[in-house]
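Notes follow the structure.
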Amino acid sequence: MKNFILKVKTSDKNIVTLFFIAVFIFAIMGILSPKSFLSVTNLQGMCIQFPEFGILSFGMMLAMISGGIDLSLVGIANLSGIVGTVVMLKMDGGIESIPFGILAALLTGLLCGIFNGALIGYLKIPPMLVTLCGLQLFTGLGLAITKGPALTGLPQEFGYIANGTVLGIPIAVLLFAIIAVIISYLLKSTVYGQHLSFKGTNEVASRYSGINNLKVTIITYGISGILGAVSGILMASHYNSAKSDYGTSFTLLSLLIVVLGGTNPDGGKGKVLGVTLSIIVLQLVSSAFNILRVNSFVKTFVWGLILIFIMIFTSFMDSKNMERKAKKQ
């Protein structure tokens, strides 16, 4: 037991910190506004909301571990939701159309991700430029399909994916948990996970060690695209409609979550548990802001401020660690 505690203290300080921050926020809001914050309605609302941007954050985490970034995820999510919606509406919007719509959405996300990965891997264009342009491209395609207004008329049963429950547990939370387990398995127990970490740590060294960096890049952004599509399905299901501008704040939020969760912006390092705790912390903060009636513009400003602070703090700690290593040598 002592060895386990020592291991947590030395290697997972970020995870422990996030856990105590979550407990602290929960306790403070439980004191300030127990009726609103601890109500069943609020807790269920949080469980329905966070899987949408939480699953996007896993896609961002994979891209960042590879040494890149995926700023196109929100565009992929909305385009995937729109394509899935169009397929369901073309099939008269019956319950039998739901599997085909979901499949079309997932395929759209995969193709968008492979498109990003191919440009980054083959043409060596910086991931930030590719995915930023991808965000505009995919959002524009979605806007061209919808022509502006939201697409409605989806089957009522489709709304159960994001809003329904199984034994009192929201389906969206179960889906989030399944995806978290799968991503954790990929990173810890597969050759792909090892290659992804090696590539993100040192791309040149990984290439000379025999790792196919192009393959790793395409797989990574392909998986990221699928995760974006899953998020898009949840957003479309949540509103029972699809539009090109849903979740516009999720790009900044997913970046904040991934960095706060301990993922190295330079690549090579990232943990599902850290990102999951980060998601929970920011959902608690968001819910607290809503209950305290903090302006949404102030909320966005706070997200950006936190992200800048984390980046400065991480850079400072990295430089300190390098100085300590240099002194020991």
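Each of F316, G54, G193 was placed along the dipole of the chain (beta-carbon charges, centred on the mean Cα), and the one lying farthest toward the positive end is F316.
Relative to the current alpha-carbon distance between L214 and Y192, full extension at 0.36 nm per residue lengthens the span by 6.7 nm. Evaluated with a Cβ-only charge set (Lys, Arg +1; Asp, Glu -1), the chain carries a dipole of roughly 1260 debye about its Cα centre, given to the nearest 20. Look at where the Cα atoms of the range 195-243 and of the range 266-301 average out, and the two centres are 22 Å apart. Projecting the Cα atoms of V74, L137, V272 onto the charge dipole of the chain, computed from C-beta unit charges around the Cα centre, puts V272 farthest toward the positive end. Distance between the modelled labels on V181 and F301, one decimal in nanometres: 4.3 nm (7 Å Cα→Cβ projection). Once divided by 2.2 N^0.38 Å, the Cα radius of gyration of the range 1-155 becomes 1.39.
Using the Cα atoms of the range 225-266 to build a convex hull, what is its mean projected area in square nanometres? The orientation-averaged projected area of the Cα hull of the range 225-266 comes to 3.6 nm².
Under 5 Å between amide hydrogens, which residues at least 5 positions from T165 or on another chain qualify, with H placed 1.01 Å from N in the peptide plane? For T165, whose amide H was placed from the backbone, the distant partners under 5 Å are I171. Name the shape class, rounded, prolate or oblate, that the alpha-carbon gyration tensor gives for the range 252-298, where a ≥ b ≥ c are the square roots of its eigenvalues, rounded holds for a/c under 1.5, and otherwise prolate holds if a/b is larger than b/c and oblate otherwise. Cα axes put the range 252-298 in the oblate bin.
Specify whether the C-alpha gyration tensor of the range 93-228 places it in the rounded, prolate or oblate class, a ≥ b ≥ c being the square roots of the eigenvalues: rounded for a/c under 1.5, otherwise prolate if a/b is larger than b/c and oblate if not. Here the range 93-228 falls in the oblate category. Cα extents for the range 189-242 along the principal axes, largest to smallest and rounded to whole angstrom: 49, 20, 15. Expressed as a whole percent, how much of the Cα-Cα distance distribution for the range 7-80 exceeds 21 Å? Above the 21 Å cut-off, the range 7-80 has 52 percent of its Cα pairs. Under the classification rounded if a/c is under 1.5, otherwise prolate if a/b is larger than b/c and oblate if not, where does the range 208-329 fall, given a ≥ b ≥ c as square roots of the Cα gyration tensor eigenvalues? Oblate shape, in that a/c is at least 1.5 and b/c is the bigger or equal ratio. The slack between Y160 and I291, meaning 0.36 nm per residue of separation minus the straight C-alpha distance, is 44.6 nm. Long hydrophobic helices in the chain: the complete DSSP H runs spanning 18 Å or more by Cα along their own axis with mean Kyte-Doolittle hydropathy of at least 1.0 are 13-32, 40-65, 73-90, 98-123, 127-146, 171-189, 213-239, 272-291. Every pair of different Cα atoms in the range 47-309 enters the Kirkwood calculation, which places the hydrodynamic radius at 18.5 Å. Fewest-first ordering of I211, I31 by other beta carbons within 10 Å of each residue's beta carbon gives I31, I211.
Ranking N14, P127, I161 by Cα position along the charge dipole of the chain, where only Lys, Arg, Asp and Glu carry charges on their C-beta atoms, puts N14 farthest toward the positive end.
No value in this document is a laboratory result; all are computed from the given coordinates. Just so it is clear, the model here is predicted, and its values are computed rather than measured. Don't worry about glycine lacking a Cβ; one is built from the backbone with ideal geometry, like all the others, and counts go over all protein chains shown.
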